[in-house]
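Before any comments, here is the structure.
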Amino acid sequence: MFEKIQVFTPKYRVEECLQEVRECLEIGWTGMGFKTTEIEKQWCKYTGLPHSHFLNSATAALHVAIAMFKHCDKWEDGDEIITTPLTFVSSNHAILYEKLKPVFADIDRHLCLDPVSVEAAITPRTRAVMFVALGGNTGQLKAIAEICKRHKLRLILDAAHMAGSRLDGQDPGLLADVTCYSFQAVKNLPTADSGMVCFQDTKLDEEARKFSWLGINKDTYARSQAGNYKWKYGVEYAGFKYNGSAIMAGLALVGLKYLDEDNTRRREIAAKYDSLLGQVDWIDRVEMASDCVSARHLYQIMIDDRDSMIEHLNKAEIFPGVHYRDNTEYDMYANGAGLCPRAKAASDRLLTLPIHLRLTDADIERVSAAVLSFRS
Ligand SMILES: *Cc1c(COP(=O)(O)O)cnc(C)c1O
């Protein structure tokens, strides 16, 4: 019997990770500070972004991003954020956390927000656009950034799939007001759970540090340097406990060392699938933006009769994924149902083939052969 091939399986450099964790345990510092400060510094260096704040997830990062803009730009409850239905629910939940309204716009041939559809969705209450670079592909991000500038809207980048993507040779986060990365276990830079929120603005970054640490205006590490008065911190409001830990930061520091190398391998895997499946007339592929070097978090195809294909692959011990179900199919987002026919059509046909660092070339051939055998 064949071995199981999962859509994602994280690969850790175990000895190096254990060394990082050991260091935390030995000195007795496992929470915020120490390695969290180090990963923030290194992430700024890696991306070229001015601020990075390490949190316990990208979901937290997205919430922090929206909360900071709502507070600082004085948005009101019910103000609108234009967003995509083809995403993990975190992107849209984050809008609801702050009592704002997700307004769904349709996707383009890259499966990312379509600029024409975004512009048509703008109303006097629109405050921001939430852009998701699906699979690491930046789609028409530049056109979206231009629309945001023209209409004075904030651009929030859900970069959960995008650690290491490049747009014109730079981190795409440079185009956004805030960028949220995920270092969840199956993402390109795997820890267990953690993420990063990166604001362009210094004031917002400072506010975000308070908000993600219960509203306390000094973090523990800074307090431990503050002599006899370290207990005398101020608490300004009921913030959240969203900070990342030194243990997770240790894993992220190891992952970051290998991120470019790993993404290169992901692109090789994608190229191999392209060469094996690219000429098949019943398989549609997602068009990559020509100015983007994608981190290739996903390799997606679109086919009719997708659900039967999944069953067919499962019989061959291959377990693909679907990214994502059109969010307007969930009751809580049903207010957007019917507004985005392209997202709906894609959602019914999308299939994510296995793509991760443990796949061998033989595995890719086995997956491709199994896909092709569906119709022969
Ligand atoms: C994984 C993911 C998130 C959430 O990331 P977490 O770190 O697990 O909170 C948000 N958006 C997208 C598109 C994702 O894939």
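The values are calculated or read from the model by the stated rules, or taken from the named source; none is laboratory data. Since we're looking at a predicted model, the values are computed, not measured. Please note: Cβ atoms are built from the backbone with ideal geometry, for glycine as well, and neighbour counts cover all protein chains shown.
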### Message
Going by what's in this entry, would Thr37 be described as away from the ligand (no atom under 14 Å from the Cβ), closer than 30 Å to Phe88 by Cα and of a type outside the set (Asp, Glu)?
### Response
yes
## Note on the structure
Taking the range 190-248 and keeping residues within 17 Å of Gly31 (Cα to Cα), modelled with pLDDT of 90 or more and among the hydroxyl-bearing types (Ser, Thr, Tyr) leaves Thr191, Ser194, Ser212, Tyr242, Ser245
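So that you can scan it fast, the table gives a plain yes or no per residue for (1) among the aromatic types (Phe, Trp, Tyr); (2) at positive phi; (3) in contact with a helix residue (DSSP H, G or I) (Cβ under 9 Å, 6 or more places away or on another chain); (4) not in a helix (DSSP H, G or I):
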position: Gly250; (1), (2), (3), (4): no, no, yes, no
position: Leu256; (1), (2), (3), (4): no, no, yes, no
position: Asn263; (1), (2), (3), (4): no, no, yes, no
position: Arg267; (1), (2), (3), (4): no, no, no, no
position: Lys272; (1), (2), (3), (4): no, no, yes, no
position: Gln279; (1), (2), (3), (4): no, no, no, yes
position: Glu287; (1), (2), (3), (4): no, no, no, yes
position: Ser290; (1), (2), (3), (4): no, no, no, yes
position: Ile301; (1), (2), (3), (4): no, no, yes, yes
### Task
Would you mention how many residues in the range 184-203 are surrounded by fewer than 23 Cβ atoms within 10 Å (Cβ to Cβ) and more than 16 Å from the ligand (Cβ to nearest atom)?
4
### Query
Mind checking which pairs have a first residue in the range 79-90 that is over 23 Å from Val322 (Cα atoms) and free of Cβ contacts under 8 Å to residues at least 12 places away in the same chain and a second that is within 12 Å of the ligand (Cβ to nearest atom) and in a helix (DSSP H, G or I), Cβ under 6 Å, 6 or more apart or different chains?
none
### Task
Filter the helices (runs of 4 or more DSSP H) completely within the range 67-159 down to those with at least 1 residues that are at pLDDT 95 or above and within 16 Å of the ligand (Cβ to nearest atom).
89-97, 141-150
### Message
Checking the condition touching a residue at least 40 places away in the same chain (Cβ under 8 Å) and in contact with a Gly (Cβ under 6 Å, 6 or more places away or on another chain), which residue from Ala249, Ala295 passes?
### Response
Ala295
### Query
So is Glu317 in contact (Cβ under 8 Å) with a residue 60 or more places away in the chain and exposed (fewer than 13 other Cβ atoms within 10 Å of the Cβ) or not?
no
### Task
Please work out if Thr138 is touching a residue at least 40 places away in the same chain (Cβ under 8 Å), within 23 Å of Tyr330 (Cβ to Cβ) and hydroxyl-bearing (Ser, Thr, Tyr).
no
### Task
Residue by residue through the range 342-360, note down the ones that are farther than 12 Å from Tyr324 by Cα and not polar (S, T, N, Q).
Arg342, Leu353, Pro354, Ile355, His356, Leu357, Arg358, Leu359
### Query
Is there a residue in the range 298-311 that is closer than 22 Å to Ile95 by Cα, modelled with pLDDT of 95 or more and either among the aromatic types (Phe, Trp, Tyr) or surrounded by fewer than 16 Cβ atoms within 10 Å (Cβ to Cβ) (or both)?
no
### Task
Only residues that are free of Cβ contacts under 8 Å to residues at least 24 places away in the same chain and of a type in the set (Lys, Arg): list them for the range 45-77, please.
Lys45, Lys74
### Message
Condition (residue is closer than 20 Å to Ala289 by Cα, over 15 Å from the mean Cα position of the chain (by Cα) and either of a type in the set (D, E, K, R) or within 16 Å of the ligand (Cβ to nearest atom) (or both)) applied to the range 175-183: is it met by at least one residue?
### Response
no
### Message
Looking only at the range 345-357, filter to residues that are under 21 Å from the mean Cα position of the chain (by Cα) and surrounded by fewer than 20 Cβ atoms within 10 Å (Cβ to Cβ); which one of those is farthest from Arg265 (Cα to Cα)?
### Response
Thr352
